[in-house]
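Report on the structure given below.
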Amino acid sequence: MWDFVDPLKALADAERKPYWLDSPARPEPRPRLTGGTTADLVVVGGGFSGLWTALMAKERDPSLDVVLLEGRRIGWAATGRNGGFCMATLTHGLANGLERWPEEIDRLERMGVENLDEIERTLERYGVDCSFERTGELHVATEPWQVESLNEHLDLISELGLDYVPMDREQVRAEVNSPTYLAGLWERSGCAMLDPARLAWGLREACLRLGVRVHERTPVRSMRDDGATISLRTPYGVVTARQVALGTGVFPPLLRRLRHFMVPVYDYALMTEPLTAAQLASVGWHNRQGVGDSGNRFHYYRLSDDNRILWGGYDAVYYNGGLVKAEYEQRDETFVKLAGHFYDTFPQLADVRFTHRWGGVIDTCSRFSAFYGQAHGGRLVYAAGYTGMGVGATRFGANVMLDLLSGEPTERTELRMVREKPIPFPPEPVRSGVIQFTRWSIAQADQHEGRRNLWLRTLDRMGLGFDS
Ligand SMILES: Cc1cc2nc3c(=O)[nH]c(=O)nc-3n(C[C@H](O)[C@H](O)[C@H](O)COP(=O)(O)OP(=O)(O)OC[C@H]3O[C@@H](n4cnc5c(N)ncnc54)[C@H](O)[C@@H]3O)c2cc1C
């Protein structure tokens, strides 16, 4: 349908960097760690996981001496290059949570909403301006089989008394005007849109105000258990700490056992130039929701505060061998495909061009939602595996880590979701084969009215999967 727009031309001037990080608001990096020091708690990683952990550690106990070590720049990785959908869900969506932890789902949903409420209150408390807009998310169906799957959700939703508005074809198009929409479901309060990089920088500022010592460009190269303490070695220094929290995402883990539970999956996004008033009026979008379509391979898109459209998702790429590499952050084949899908969805925006294109790495685990744990006699904790839905859930994970370090059981640490681990991925080269076959099967399902082949049905029965 987009034959009349040449995606290559539309992308010609798009910068090859994440839009959110390309901002004059990006603060100068904090100094590297040099020499030796001690701390009560060292947090490794300056993404949302590490920032929330450091901030809330200080809020819980202002006398605690907290050091945060970030290998590169605060928020440079997934944290500063995501869609900015800050969701209440802690389980990568209601359906996934219900399937895995049916007896806990009421509590998980409640705790997720409380977590999102707390994020909103924290932003107010510290004056963090990250264009937080609690507009919800509009799930749209673009194929008849997706209408059925949205309807299946309805029974569930009414059972749990959640705030969702079902929409037919006319209603959803009146909300956001695309000729591809067949139905919609607006989840009204369970999601906020925000600028993720400005959130990360705001959290950094709040940490500094509470006295956290933040060091950037300070990768931790190794850890040593000294008995009562743990020493972390960096290129120019060493910190000896009573406790350690790892918020290191999918990067090569300092705790080797974590390698089995996560694989790096690359996800890609585009950003348009700001829409003119007339272009925006042609789409409607007065309620400014985040939008997600309902295929197994899905797009997510949203407005920025200056009315650009961020358009991402669909291809979730696992590169054989499972490495994290800068060169994987650009993939022209995917950018062209994404641009084409954009013009299919909004043909009235044929004259809109893209200003940025980028990719980022996601910590995918086989249950799609984070896992948590302890090591070194309980002195080290970790949370990872958010599988593309960590903007909000990392704050919950940070609280779990601090609960575990405190040694006191809490409602969070009692959850089966927190106590159990996901099923590990097989080692390479089997891992690559299994993942690529699963990706192929998922694409096939989308092309055949959502019908899942024997392989996907077997994985479903085993509670295993692949997602971004
Ligand atoms: C393109 C894209 C779109 C996404 N869209 C959404 C979305 O709309 N909504 C949503 O909820 N989620 C989304 N996500 C996922 C979300 O961004 C992540 O779940 C979240 O940012 C994870 O934060 P993190 O702190 O755990 O990891 P990261 O942001 O990856 O941070 C980990 C940090 O640890 C540092 N580190 C690692 N090892 C070391 C070491 N040894 N020493 C020092 N530092 C170290 C790294 O340098 C990095 O800064 C998306 C992700 C991508 C890539």
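The values are calculated or read from the model by the stated rules, or taken from the named source; none is laboratory data. Just so you know, these numbers come straight off a predicted model, no measurement behind them. Positions of Cβ are generated from backbone atoms using ideal geometry, with glycine treated the same way; all protein chains shown enter the neighbour counts. Accessible surface is based on the protein model in full, side chains and every heavy atom, while ligands, DNA and RNA are left aside. Shrake-Rupley method; radii C 1.70, N 1.55, O 1.52, S 1.80 Å.
Details
- Percent RCO, i.e. relative contact order, over segment 303-423, from Cα pairs under 8 Å lying at least 6 residues apart: 19
- Relative contact order computed over the chain (Cα-Cα under 8 Å; 6+ residues apart), in percent: 23
- q = 0.09, 0.11, 0.13 Å⁻¹, the chain: log10 I(q)/I(0) [Debye, one scatterer per Cα]: -0.58, -0.88, -1.25
- Whole-percent carbon and sulfur share, accessible surface of the chain, 1.4 Å: 51
- In the context of the full protein assembly, Leu404 retains an accessible surface of approximately 30 Å², using a probe radius of 1.4 Å and ignoring ligands and nucleic acids.
- For segment 95-248, the spread of Cα positions along the three principal axes, ordered from largest to smallest, is 62, 36, 27 Å.
- For segment 24-177, the share of alpha carbon pairs falling in successive 10 Å distance bins from zero is 8, 27, 30, 20, 11, 3, 0 percent.
- Heavy-atom accessible area per residue - the chain, 1.4 Å, Å²: 40
- Partners of Lys9 within straight-line reach, counting aspartates and glutamates whose Cα lies under 12 Å from its Cα and excluding those fewer than 8 residues away in the same chain: Asp351.
- Trypsin sites (Lys or Arg not before Pro) lying in DSSP loop within segment 414-468, provided at most 13 other Cβ fall within 10 Å: Arg451
- DSSP bridge analysis restricted to the chain gives an antiparallel fraction near 70%, rounded to the nearest 5.
- Neighbour-limited loop hits for trypsin sites (Lys or Arg not before Pro), segment 19-74 (at most 14 other Cβ within 10 Å; DSSP other than H, G, I, E, B): Arg72
- Fully extended contour minus Cα-Cα distance, from Glu411 to Asp40, at 0.36 nm per residue: 131.1 nm
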